[in-house]
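What follows is one structure encoded as structure tokens, with my remarks underneath.
Each reported figure results from applying straightforward, stated rules to the coordinates on display, with no laboratory input. Note that this is a predicted model, so its numbers are computed, not measured.
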Amino acid sequence: MARFESPAEPVGGRMLDVLVRRVDAARGRVRARAPDGEDLVIDLPRGSAIRNGDTFGPSPKGMFYRISIEPEQVLEIILGNGEFSTGEAVKLGYILGNHHLEVLVEKDSLYLPLTLGGEKLSRIVSRSGVPVRTRLVTRVISPGEQGYFEGEEEEGS
């Protein structure tokens, strides 16, 4: 078993990609089996998150492991229609924040993990009254991304 408490710069050795879930990476704690069969334990200091592309190693076998956050279905909110005011955009942000939701902001779109379920998220957005389009897409949401805003931890997490 290889145990890591901080990312490392790879120097020599082989590199293997390890796929992990976003929720585990956000907690900074992951236990996974690498493609070479090695059991990995990553336990970062409290408050730290594992980011997409972080590298850990070397293991006792001299291996380095690059973390890839698993793609997941998310709700995309498309803001690019220009049919709403700044006040409506602030209202939508307020409503999403009031629900303590994670959000990734990129250009004219917001991406919300389906932590509350797709139907419930769609209802929250539609009740805001802000004229936006929504659709389900699959993508990686990573705490290290520019424009990522972490929601509060759910009860029992």
- A student asked for the Cα radius of gyration and Dmax of the chain in angstrom ought to give 18.2, 57
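Rounded to the nearest 500, what is the chain's calculated 222 nm mean residue ellipticity when only DSSP H runs of at least 4 contribute -39500 (n - 2.57) each, over all residues?
Helix-only estimate at 222 nm: -5500 deg cm²/dmol.
Two-decimal Rg/Rh of region 2-69 from alpha-carbon positions, Kirkwood Rh? Write down the numbers at each step before the final one.
On the way: Rg = 10.6 Å, Rh = 11.6 Å.
For region 2-69, the value is 0.92.
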- Output the antiparallel fraction of DSSP beta bridges having both residues in the chain, as a percent to the nearest 5. 75
- Item | Degrees separating the helix 86-98 axis from the principal Cα axis of the chain, which is the longest one | 50
- Sequence-distant lysines (8 or more away, or on other chains) whose Cα lies within less than 19 Å of LYS107: LYS91
- Rel. contact order, % - alpha carbon contacts under 8 angstrom, at least six apart, the chain: 25
- In units of 2.2 N^0.38 Å, the Cα radius of gyration of region 94-157 is 1.10
